[in-house]
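Here the structure is laid out as structure tokens; the discussion comes afterwards.
The values are calculated or read from the model by the stated rules, or taken from the named source; none is laboratory data. Everything numeric in this text was worked out from a predicted model, so none of it was measured. Cβ placement follows ideal geometry from the backbone for every residue including glycine, while neighbour counts extend to all protein chains displayed. The protein model used for the area step is the full one, side chains on, heavy atoms only, and it has no ligands, DNA or RNA in it. Shrake-Rupley method; radii C 1.70, N 1.55, O 1.52, S 1.80 Å.
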Amino acid sequence: MISVINCITNQHNIWLVLVAAIVCVSGSWAVIRLHLRGRSASSSEALGWQFLAATAAGASIWATHFIAIIAYQAGTPVTFDPVLTIISLLVAMVGSYCGFIVAGMPRISWAPAAGGAIVGLSVAIMHYTGMLAYIAQGTIDWNTNYIVVSVLLAVVFTALAIHVSSRQYRIDGKLAAVGLLTIAIVSLHFTGMTAFKITPVVIDDGYSNPAAMQAMALAIALVSLIIVGSVLASYLIDSQTRTQTLNQLKRMALSDSLTGLANRASYRDHLAARIQLADNGGQRFALAAIDLDRFKEINDLRGHSAGDEALKMLAERMRHFNDGSLFIARIGGDEFSMIMPVVDRSSLRKTLMRLRAELLKPFDIDSVELSVGASIGVCIYPDDAQESEALINNTDLALYRAKTEIIDKICFFDNVMDEAVRSRRELAAELRQAMESNQLEVFYQVQTSVSDSTITGYEALLRWCHPQRGYIPPSEFIPLAEESGLILQLGEWVLRTACTQFAGLGMDVRIAVNLSPIQFLHPNLPGLVADILGETGMKAANLELELTESAIIHDKERTLAQLQEIRKLGITIALDDFGTGYSSLDTLRAFPFDKIKLDRTFMDEVETSEQARSIIRAVLALGRSLEIPVLAEGIETSDQLAILHAEGCDTAQGYFLGRPAPLANILAALREKSQVDELGIGVKELNGDEGDGASVAA
Ligand code: C2E
Ligand code: MG
Ligand code: MG
């Protein structure tokens, strides 16, 4: 060690040693950065980066070596062999390249150390090839021990440098690697130079020119620094481009491409962060969901590009409105979400009213003045919900209410008011599962002739036996199924079930199945009905379909055309719940119904109200004149039945005649009837109280 220090201090031009040190440290820094960049690049790009690392390594280490050699005061004239000098440079470059490629091999833990060792070895070979190129006037002696130690130092420290660089990507890890690489180069050189001893034998004193040598050393330093500098410049340009691209990608990933507002992903992140902040003692905040009203009209009437233009304009208004305290995101077509600070509810409402007023201002697109409305639902964290999903859901519920309100279009979440909507939504989701898990059943209610009590048919009525809530009345779940569109599957299931159950019985009785107005939106309802008849073997003449006037009002032309088709199959069509709703004579004129079902509400008062009785009489007269038989619904007492008999009603249905019941009960009653017919027992006793799910639910 002392000999090495003596060698540096006594036998070297210290200024040139300093220049060599600068080249060495700056080169090492560049080499480590470029090598690490290569490690993070894709395989083909990695080769390019490792080439640059090797170029920087070759140039800087070779230059360090040559400047330090020139700094060495041999005490005798010296010169260099040009071929060996160039070979030494190539050895450093090619060896480093191989070493860096090995070091960069993925998923091999020892690869960086092995690659580093190759780089160290090639640097050592470079050093000694360079020394062979060193021609001095004198005899040269080598100390083998120092040579071995110098090579070991180069190999071990370079291996360590590359290993450390691969383990830690933090700045201190990089610095340690640069330090170790510098130690490798310096220790190789000076230990190598200690192994080297010249005994001068001056033959020609004009052999070398020290000033020219020093100039050459400086030139080499300059060139190597230029090489390292240009390689580093490419690195810096690359890292800047990468940063820009990353920032752009980040912007794209977090913002909505149309409006430039934050997108749903960014909104979710932001919301989670705000919740955490509030949980850690930060300010409570409000989540507002904004939905544009009449936006669909712009899209439908003016085209999608006008719709896009409108969204951009409205987003710009929101951005302009934002004083920096709001986080605004577009989370869907015409839906926006806003996270805002809360001082109190009234100032929150005022802010939202101002924003809404901005959104409602008309705007021009293609010289046409357009405008939209806006409904806003608001929920406060943590007052109204204690976690993110609940907060979003409750905001949605408040928005849902705001959309249905006519005047108050800004609704704050209200646990009581929004609870009903929530339970409806839950029920709708459960209904979907109910179909799959056999919770649905079809009950049948008898229809009988008023004059002689004979059975004319049965009405199929859907029942849902909820595992926790028991029987849920159709009046509750049918509207849900209609809202969600599930009624299409549900209606088809009821029709298929009723047909399957009755076709197998071989009974000549008519089964009435209810059709929802929504089912007429089916692309081919007559085809579906025909298919079900074919599949189940049900006779068309034994099937009746019931529909209410609302089905016809919805899309008259289309519905009537479908009804004609269905009727052509031989199926009869009944007009259900007549007397409620529209009760338009036009409906009766528009289609030749096979039956009018008089709504049960008239039965309630028939015994006491002359008016109710007059209406029944009028409907029966109407039926007679149009030659359409009338069935009275909701017969609960023998008096009601007697009145109907007196008024000349054809058929009836009601709890007095038989409650809706499962098929098994109906069949049991029928079997009993065939045995007791001879005894003259009436229909009521036969179809008696068999457990109406609806009444259970009620
Ligand atoms: P609807 O078609 O008018 O069916 C008659 C309803 O009156 C049934 O109610 C039946 O249980 C009830 N009812 C029968 N007799 C009496 C009585 O004497 N007194 C009283 N108070 N009620 C009586 P339910 O089963 O609750 O069905 C209600 C409505 O739900 C039905 O009215 C029908 O519009 C609809 N619905 C039932 N099942 C289906 C179905 O499978 N598909 C469709 N689309 N709608 C159905
Ligand atoms: Mg009905
Ligand atoms: Mg009815």
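Exposure check, 1.4 Å probe, all protein chains in place: Trp62 carries approximately 40 Å² of accessible surface. Between Ala211 and Lys361, full extension at 0.36 nm per residue minus the direct alpha carbon distance yields a gain of 45.7 nm.
Taken as Cα centroids, the stretch 77-129 and the stretch 13-56 sit 12 Å apart, rounded to the nearest whole angstrom.
Note down the Stokes-Einstein diffusion coefficient of the stretch 2-244 in µm²/s, whole number, using a Kirkwood radius over alpha carbon pairs, 25 °C, and 0.890 mPa s. Don't skip to the answer; put the middle values down first.
Details: Rh = 18.0 Å.
Here the translational diffusion coefficient equals 136 µm²/s.
Between Ala590 and Asp269, the modelled label-to-label distance comes to 5.5 nm, taking each label 7 Å out from Cα in the direction of the beta carbon.
Tell me, what is the percent relative contact order of the chain, built from C-alpha pairs under 8 Å that lie six or more residues apart? Each step should come with its number before you reach the end.
Working: 1128 pairs, mean separation 55.9, N = 698.
With pairs under 8 Å counted, the relative contact order is 8 percent.
Only Cα sites of the stretch 613-670 enter the Debye sum here, all with the same form factor; the resulting log10 I(q)/I(0) across q = 0.13, 0.19, 0.24, 0.28 1/Å is -0.40, -0.71, -0.92, -1.10, listed in q order. Per-residue ellipticity at 222 nm, computed for the chain from helices alone with -39500 (n - 2.57) per DSSP H run of at least four residues, works out to -20000 deg cm²/dmol.
Just flag the GluC sites (Glu not before Pro) in the stretch 544-637 sitting in loop per DSSP whose Cβ has no more than 16 other Cβ atoms within 10 Å.
Numbers: sites: Glu544, Glu546, Glu549, Glu557, Glu565, Glu605, Glu607, Glu610, Glu627, Glu633, Glu636; in loops: Glu607, Glu627, Glu633, Glu636.
Those satisfying the criteria are Glu607, Glu627, Glu636.
If both residues of a DSSP beta bridge must be in the chain, then about 65% of such bridges are antiparallel. Taking each of Lys296/Lys556; Lys403/Lys556; Lys296/Lys361 in turn, the alpha-carbon distance tops 20 angstrom for Lys296/Lys556; Lys403/Lys556. Ordered by solvent-accessible area of protein heavy atoms (1.4 Å probe), largest first, the residues Lys597, Lys250 come out as Lys250, Lys597.
If I take every Cα pair under 8 Å that is 6 or more residues apart in the stretch 427-672, average their sequence separation and divide by the length, what percent do I get for the relative contact order? Display every interim value, and only then the final one.
Working: 398 pairs, mean separation 49.1, N = 246.
Dividing the mean separation by the residue count of the stretch 427-672 yields 20 percent.
In this rough spin-label picture, where each label sits 7 Å from Cα along the Cβ direction, the Val416-Gln564 distance is 5.4 nm. Note on Glu297 and Ile135: with the Förster distance fixed at 56 Å, the Cβ-Cβ geometry gives a FRET efficiency of about 0.05. Label-to-label distance, Thr500 versus Gln611, with points set 7 angstrom from Cα along the beta-carbon direction: 4.8 nm.
Out of every Cα-Cα pair in the stretch 216-374, what percent are more than 25 Å apart? Can you show the working numbers first?
Details: 6146 of 12561 pairs.
Value for the stretch 216-374: 49 percent of Cα pairs lie more than 25 Å apart.
Please report, ordered by residue number, every helix of the chain (full DSSP H runs) that is 20 Å or longer along its axis going by C-alpha atoms and whose mean Kyte-Doolittle hydropathy reaches 0.5.
14-39, 43-71, 82-103, 111-133, 144-167, 171-194, 210-254, 487-503
Each part reduced to its alpha carbon centroid, the stretch 518-553 and the stretch 303-331 end up 47 Å apart.
Measuring only protein heavy atoms, the 1.4 Å probe finds Asp414 accessible over about 50 Å².
Structural descriptor for the stretch 2-244: relative contact order 27 percent, calculated from alpha carbon pairs under 8 angstrom and at least 6 residues apart. Here Lys539 is the anchor, and the lysines within straight C-alpha reach of less than 18 Å, apart from those fewer than 8 places off in the same chain, are Lys568. Computed extension gain for Ser234 through Gln489, at 0.36 nm per residue and net of the alpha carbon distance, reaches 85.4 nm. Normalised by 2.2 N^0.38 Å, where N is the number of residues, the alpha-carbon radius of gyration of the chain equals 1.75. Computed over the stretch 427-672, the convex hull of the alpha-carbon atoms projects to a mean area of 13.4 nm².
What figure in square angstrom, to the nearest 10, would you give for the accessible area of Asp576 with a 1.4 Å probe? Estimated to the nearest 10 Å², Asp576 gives 10 Å².
Highest mean first, what order results for 128-140, 486-498 on Cβ atoms within 10 Å?
486-498, 128-140
In summary, the convex hull built on the alpha carbon positions of the stretch 58-199 has an orientation-averaged projected area of 8.2 nm². Each peptide among 223-230, 90-97 gets the average number of other Cβ atoms lying within 10 Å of its residues, and from highest to lowest they stand as 90-97, 223-230. Only the Cβ atoms of Lys and Arg (+1) and of Asp and Glu (-1) were treated as charged; on that basis the dipole of the chain about its Cα centre amounts to roughly 4180 debye.
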